[in-house]
Structures are given as structure tokens and as C-alpha cells.
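Here's the structure, in C-alpha cells; my notes come after.
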Amino acid sequence: MRKLFFAAVIIFGFLICSCNKYEVRHTVQYFISGESILNVSYTDSNGELLFENNVSSTWKYAFNAPGDKRFVKLTVNSIDGGAVGGYILVDGEEAAISNSNTGSVTMTTRLP
């Protein structure tokens, strides 16, 4: 009986240690605005910084991220220097917003 109990404790401990502590997922959404052609850089689901050139103001991007408290970043640049804006939603809640008349904005937020 002791051997069975000991084996159960070992297996239970292994299961607890092997669980992913970042299993909590968050939905991140990026939205932009502007009246000209825009260049965008943003953090993707892997934490990498990606670049999109010559996009319109209808560009948007969404992904699921682990609950590892990572930072996400969105930068919007107008090719002709016109007004731009953007915002980041995390789990449907506004996490960062910025607008500018000078043609460039950057937003950063940390996931919960």
C-alpha cells in the first residue's frame, strides 16, 4: 500500500510540474487609422516584430498570446506624413490608443 501511495504522489507531482504556467491565453487585436498609405510594425503571437508596408486604414491583425506578461507593440507611419492613429485591444478591452497629426504613432502595452 505504501508503494502505491508513493507512486501516486510521484505521478501527481510530475503532473503539477509539467503543467504550462503560461496556459492562460489572451486575445490581442490591432487596429489602425489614417487617410493615406501606411507602414505598420507590430509584435506577433511569437513575440517577433513584423513589418507591413503600403497598407490601408482597414488593416487589422489579431492573435492569441500566452499569459506570460509579454509586451506587445504597434507602430503606424504615414507615407505622406498625414494624420494616423491606432489602438490595441486585449481581451476586448482597450489597452493602448494613440493619434497624431505628425504621421507616426507607437503604442505598447503589457499583457496581464
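Where a number appears in this text, it was derived from the coordinates with a stated rule and is not lab data. The model shown is predicted, which means the values in this text are computed figures rather than measured ones. Glycine also receives a Cβ, built like all others from the backbone with ideal geometry; neighbour counts cover every protein chain displayed.
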note = Between ARG25 and SER56, the two model label points (7 Å from Cα along the beta-carbon direction) sit apart by a distance in nm of 3.1 nm
message = Over all directions, the average projected area of the alpha-carbon convex hull for the range 22-110 comes to how many nm²?
response = 4.9 nm²
request  = Using the charge dipole of the range 50-112 (Lys, Arg: +1 at Cβ; Asp, Glu: -1 at Cβ; taken about the Cα centre), state which of PHE51, SER78, SER98 has its Cα farthest towards the positive end.
outcome  = PHE51
query = Quick one: Cα centre-to-centre distance for the range 26-51 and the range 88-104, in angstrom?
reply = 11 Å
